[in-house]
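Comments concern the structure below.
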Amino acid sequence: MDFYAETALPKILDHIVSVKDTLSQQYLLESMIQVFPDEFHIRTLEQVLLTYARALPSVDMKPIMVTLMNRLATYLSEADPAKVQQAGDIFSLFRTHLQGILERALQPQGQGGAAPVPDIAPALEVLAAFMQFTVSLYPDQVHYVDIILGSAAELLQKFKSTGLGTLSDKAVDQVGELLAGPMKTLGLGVLKM
């Protein structure tokens, strides 16, 4: 584990970031999640999330982030409570790095010529996955729901301030999912917010 965290992973991540092809970077980042054990991801989560923020802006982070959160949620929900305690505050790590990763959605992605209007729907989908991740691992931390909804509101406000248009139907659906998600898992406990 030490060799992976201190030697192998930094070299792998540097190589991935040095690749200047969008599909290659996305494939390599997705492959890392599948190839290495979940315990390794937990121990090196901060390094990995920092690298996600350094990926090319055109890399679709949605499938990468959703897969990582799903794997970690499954692993941590089945793990020994002592191991979960040892993992530290996973919520804070994700929260710290997620906003920068999500704001990439607000950057134009065009290659020369007129840039297409940024689509905020994938970023909202990642936030919805983060919400599910959080309520499944921290059902007693209702204030985390409020924090995530605050992040969504901030992201939506930044999108609105760009003046680049209105929300797509998919983005509106994701806002609905963000609002309904906690009710599905926490039920009436969400009313304590």
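The values are calculated or read from the model by the stated rules, or taken from the named source; none is laboratory data. Keep in mind that this is a model prediction, so the values were computed, not measured. All Cβ positions, even for glycine, are placed from backbone atoms using ideal geometry, and neighbour counts span all protein chains on display. For the accessible areas, the whole protein counts, side chains as well, though only heavy atoms, and no ligand, DNA or RNA atoms are used. Shrake-Rupley method; radii C 1.70, N 1.55, O 1.52, S 1.80 Å.
What does the C-alpha gyration tensor say about the overall shape of region 123-177? Classify as rounded when a/c is under 1.5, otherwise prolate if a/b is larger than b/c, or oblate.
It is prolate, given that a/c is not under 1.5 and a/b is the larger ratio.
Which net charge results when you count Lys and Arg as +1 and Asp and Glu as -1 among the other residues whose beta-carbon is under 12 Å from that of L127? Working shown, then result.
Details: positive: K62, R95; negative: E103, E125, E154, E177.
It works out to a net charge of -2.
Going through the cross-link list K83/K160; K83/K184; K11/K158; K11/K184; K160/K184; K20/K158, which pairs have a Cα-Cα distance over 31 Å in this structure?
K83/K160; K11/K158; K11/K184
Compute the signed sum of charges (Lys and Arg +1, Asp and Glu -1) over the other residues within less than 14 Å, Cβ to Cβ, of K20.
Local net charge: -1.
Taking a probe of 1.4 Å, how large is the accessible area per residue of the chain, in Å²? Each step should come with its number before you reach the end.
Details: 10030 Å² over 193 residues.
I get 52 Å² per residue for this part.
So if I place +1 on the C-beta of Lys and Arg and -1 on the C-beta of Asp and Glu, and nothing else carries charge, what would the dipole magnitude of region 1-51 be about its Cα centre? I want it in debye, nearest 20.
160 debye
Could you please tell me the mean projected area of the C-alpha convex hull for the chain, averaged over all directions and given in square nanometres to one decimal?
Reported value for the Cα convex hull: 11.5 nm².
With every protein chain left in place, what is the accessible area of H41 in Å² (1.4 Å probe, nearest 10)?
10 Å²
Residue farthest toward the positive end of the dipole of the chain, with Cβ of Lys/Arg at +1 and Asp/Glu at -1: which of G165, Q25, H41?
Working it through, the farthest residue towards the positive pole turns out to be G165.
Counting only protein heavy atoms and a 1.4 Å probe, tell me what percentage of the chain's accessible area is made up of carbon and sulfur.
Reported share for carbon and sulfur atoms: 56 percent.
Place a +1 charge on the Cβ of each Lys and Arg in the chain and a -1 charge on the Cβ of each Asp and Glu, then give the dipole magnitude about the Cα centre in debye, rounded to the nearest 20.
Taking the Cα centre of the chain as origin, the dipole is about 340 debye.
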